[in-house]
Amino acid sequence: MKDTKHKLSSLTIALHWIVGITIIGLLALGKYMESNEAYALYDIHKSIGMIIIAFVLARVFWRILNGCPEPASNYSNIEHLTAKVVHWALIIGTVALPVSGVLMSGAGGHGLAIFGWELLAENIDPNNLEEVIPLNKTLAGLGHEIHEIVGNIMIIAIVLHFLGALKHHIIDKDGTLRRMLGKSL
Ligand code: HEM
Ligand code: HEM
């Protein structure tokens, strides 16, 4: 069940790709909807972002139970350290992004719902039904800042991670990428 040097467990692989592809999609959707003021997309972004929390937590627990996979080949010390730092940045980012999103929307009074299933109602101003009143402006602002900064850091970390995976596959020709695609070394 656990990862070995020669083969990663199917849980490691499934969680990596479910969380990874969803995060890339949400980063792109978040950037697009914010710069184009595409408010119709906010509910989809928030719903998928809250659903993914369950998979992110499962992944963190699995990482703690299983430990980190051993390197597939003999990486240099600096490469090993870079991969470790980037992996931890990716794991922390996958937790911080949905949590800060919930904080921004929840404390901002915008409400929280998963595809129409309401978890927290919008806090609408009774005197102006077009306006929402923040529940806590400071927390909402903090959530917004963290969401934006961590989102930008994640984009850089994912590019580095992707380039690292390509380097192993194309230049080193080792099994690092093949192992994450379910093949045995
Ligand atoms: C892993 C999950 C998530 C990722 C990767 C993600 C990513 C992003 C990104 C990159 C942006 C654009 C930020 C910017 O550059 O200013 C954004 C915006 C936004 N996100 Fe998320 N997000 C996630 C989860 C959530 C959750 C769970 C919520 C709320 C429940 C949420 C609510 C929002 C909102 C409301 C905006 C627009 C902010 C504005 O218009 O100022 N996000 N998200
Ligand atoms: C762009 C597509 C991606 C490719 C080609 C890719 C490839 C890989 C490969 C080959 C490994 C194994 C590294 C090793 O054995 O040392 C790995 C591990 C890892 N990847 Fe990715 N990845 C991608 C996207 C992502 C994204 C978007 C995230 C985070 C949101 C992510 C997070 C991680 C983490 C945390 C690990 C460490 C092992 C683990 O916790 O499962 N990856 N990735």
30 Å tail of the calculated P(r), the chain, as % of Cα pairs: 29
Gaussian network model of the chain, springs between alpha carbon atoms under 10 Å - residue of Ile133, Ile171, Ile24 with greatest fluctuation: Ile171
Calculated FRET efficiency for the pair His6/Asp125, C-beta based, R₀ 41 Å, to 0.05: 0.10
Carbon + sulfur, % of accessible area of the range 32-107 - ligands and nucleic acids excluded, 1.4 Å: 70
Value of relative contact order over the chain, rounded to a whole percent, pairs C-alpha under 8 Å and six or more apart: 26
Nearest 10 degrees, 0 to 90: helix 42-66 Cα axis against the chain principal axis: 40
1.4 Å probe accessible area per residue over the chain, in Å²: 62
Farthest toward positive dipole pole in the chain [+1 Lys/Arg, -1 Asp/Glu at C-beta], among Ile171, Leu112, Gly25: Ile171
Label point at Ala54 placed 7 Å out along Cα→Cβ; residues across the range 13-41 whose backbone nitrogen lies under 12 Å: none
For the range 169-184, 3J(HN,Hα) per residue [Karplus equation, 6.51 cos²θ - 1.76 cosθ + 1.60, θ = phi - 60°, Hz, x = Gly/Pro]: 6, 8, 8, 6, 6, 9, x, 4, 6, 4, 5, 6, 9, x, 7, 8
Distance cut-off 15 Å, percentage of C-alpha pairs in the range 33-86 lying past it: 68
Over the range 70-139: Rg over Rh, Cα atoms, Kirkwood Rh: 1.33
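The values are calculated or read from the model by the stated rules, or taken from the named source; none is laboratory data. From a predicted model like this one, the values you see are computed outputs, not experimental measurements. Cβ atoms come from the backbone with ideal geometry, glycine included; neighbour counts cover every protein chain shown. SASA here: full protein model, heavy atoms, side chains in, ligands and nucleic acids out. Shrake-Rupley method; radii C 1.70, N 1.55, O 1.52, S 1.80 Å.
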